[in-house]
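Below is one structure, written out as structure tokens, with a few remarks after it.
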Amino acid sequence: MPTAQAQAVWQFVDRDGVTHMGNVPPSASRGVIWLEGVGSAAPAGRSGTGSTNAAKLPGYAAAQPLLEEAARAQALEPELVIAVAAAESGFNADAVSRKGALGLMQIMPATAERYGVAGRSATGGSHAVMDPKVNVQVGSRYLADLLRMFDGDKELALAAYNAGEGAVVKYGRRIPPYPETQQYVDKVMRLYRTLMR
């Protein structure tokens, strides 16, 4: 594990599917993935080479082709969809949040239903949106709709993805003053910019 430096960033997904990030080593470092080049500059002695950050997260290899295919189907930048999945679940296809968001792109059951995905999977186990391919298709369609709704403004679309489009509209088509949403938008945009390098 690298020494703690101001620009070194770690990330892990806990048992509840919540993604945690920071630049100071957590008290329990088990399961922590160190990301290179996230933020304004890479730490001394570490490279800041673009997409290697996402590629180091567990589950990335399996998720990447699904995310890229879903992005292309919606005419979205694959890097943006990948950044959303990285921030939402750390590419954990089995992630379930305390609020009930599901899978790679943390889709709420109500959102899944809005896009025609409801109930249990064909095998009868989990919600149908837990299927990674279905999950990324729904998440990408929702993200594309939000980008259209907010005239292509990525930050507003991401704020709506996190807090709901009603919250963005309520605050005058601005990022709502919720710390969680503001941090989420910043996190996804940093991951997106890193992937675009």
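The values are calculated or read from the model by the stated rules, or taken from the named source; none is laboratory data. Bear in mind the structure is a predicted one, so any value in this text is a computation, not a measurement. Using ideal geometry, Cβ is built from the backbone for each residue, glycine included, and neighbour counts are taken over all protein chains shown.
Some observations on this one:
- For region 68-91, the set of residues classified as within 13 Å of LYS154 (Cα to Cα), part of a loop (DSSP other than H, G, I, E, B) and not acidic (Asp, Glu) consists of LEU76 only.
- Restricting ARG197, ARG120 to residues that are farther than 17 Å from GLU88 by Cβ and within 20 Å of the chain's Cα centre (by Cα) narrows the list to ARG197.
- Residue that is among the hydroxyl-bearing types (Ser, Thr, Tyr) and over 21 Å from ALA54 (Cβ atoms), where the choices are TYR161, TYR171, TYR142: TYR171
- Among helices (runs of 4 or more DSSP H) entirely within region 92-163, having at least 1 residues that are surrounded by fewer than 16 Cβ atoms within 10 Å (Cβ to Cβ) and without any contact (Cβ under 8 Å) to a residue 40 or more places away in the chain singles out 109-114, 132-149.
- Filtering region 51-67 to residues that are without any contact (Cβ under 8 Å) to a residue 24 or more places away in the chain and within 14 Å of the chain's Cα centre (by Cα) leaves ALA55, GLN64.
- Filtered residues of region 58-80 (kept if touching a helix residue (DSSP H, G or I) at 6+ places or on another chain (Cβ under 6 Å) and either among the basic types (Lys, Arg) or modelled with pLDDT under 95 (or both)): TYR60
- Hits in region 164-197 (condition: part of a helix (DSSP H, G or I), hydroxyl-bearing (Ser, Thr, Tyr) and more than 20 Å from MET105 (Cα to Cα)): none
- Selected residue [surrounded by fewer than 24 Cβ atoms within 10 Å (Cβ to Cβ), closer than 16 Å to ALA144 by Cβ and of a type in the set (A, V, I, L, M)] from ALA73, ALA62: ALA73
- Enumeration of residues in region 164-197 that are in contact (Cβ under 8 Å) with a residue 12 or more places away in the chain and of a type in the set (Phe, Trp, Tyr): TYR178, TYR184, TYR192
- Any hit, region 40-57, residues being part of a loop (DSSP other than H, G, I, E, B), under 24 Å from ALA144 (Cβ atoms) and modelled with pLDDT of 50 or more: yes
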